[in-house]
Amino acid sequence: HVQLVESGGGPVQAGGSLRLSCASSGYTYSIYCMGWFRQAPGKEREGVAAISTRGGSTLYADSVWGRFTISRDNAKNMLYLQMDSLKPDDTAVYYCAAGRTTCASSLSVTDFPYWGQGTQVTVS
C-alpha cells in the first residue's frame, strides 16, 4: 500500500518562501507520477504541480508558474515543492499525491488516487 507524509508547512509572510517535503513508503516510488495539490477552506482541491517518474518533465498551474518548483529524489523516495514569492492566495492545505497513468500531463485530482494527510501553509 502507498503511504505519503507531507511536512514543511507553517505560517509565512507574503513574499517569503517554504519548502514542502513528502516522504513515501510502501510502494515502488520510482514508477509513480507525483503531484502537489492544495485546498483552501470552502474551495475545491486544485492541482499545483506534477512531475514525471524520473523528474524529466514537470507541469505547473498557471497561478504558481515561475514561483513554485517541484522536484523528486527517487533514491530517497522523496518529493519536494519549493515555494517562493508566496502570496496570501497560496494559503491552503497542501497535499502530495501519487498516480500511475498521466505523469506530468495532468493536474486532475482524479488521476492521482493516493494521497498524503496534508500540511497547512498560511501566508499573511
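The values are calculated or read from the model by the stated rules, or taken from the named source; none is laboratory data. What you see is a predicted model; the values in this text were computed from it and never measured. Neighbour counts are summed over all protein chains in view; Cβ atoms, including those assigned to glycine, are modelled from backbone coordinates with ideal geometry. Areas reflect the complete protein model, heavy atoms only, side chains present, ligands, DNA and RNA absent. Shrake-Rupley method; radii C 1.70, N 1.55, O 1.52, S 1.80 Å.
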Any idea how many residues of segment 41-71 are touching a helix residue (DSSP H, G or I) at 6+ places or on another chain (Cβ under 8 Å) and open to solvent by less than 50 Å² (accessible area, probe 1.4 Å)? 6
Could you list, in sequence order, all residues of segment 1-24 that are over 22 Å from LEU59 (Cα atoms), modelled with pLDDT of 90 or more and open to solvent by less than 50 Å² (accessible area, probe 1.4 Å)? GLY10, VAL12, GLY16
Would you pick out the residues in segment 77-122 that are open to solvent by less than 10 Å² (accessible area, probe 1.4 Å) and of a type in the set (A, V, I, L, M)? LEU79, LEU81, MET83, LEU86, ALA92, ALA97, ALA98, VAL121
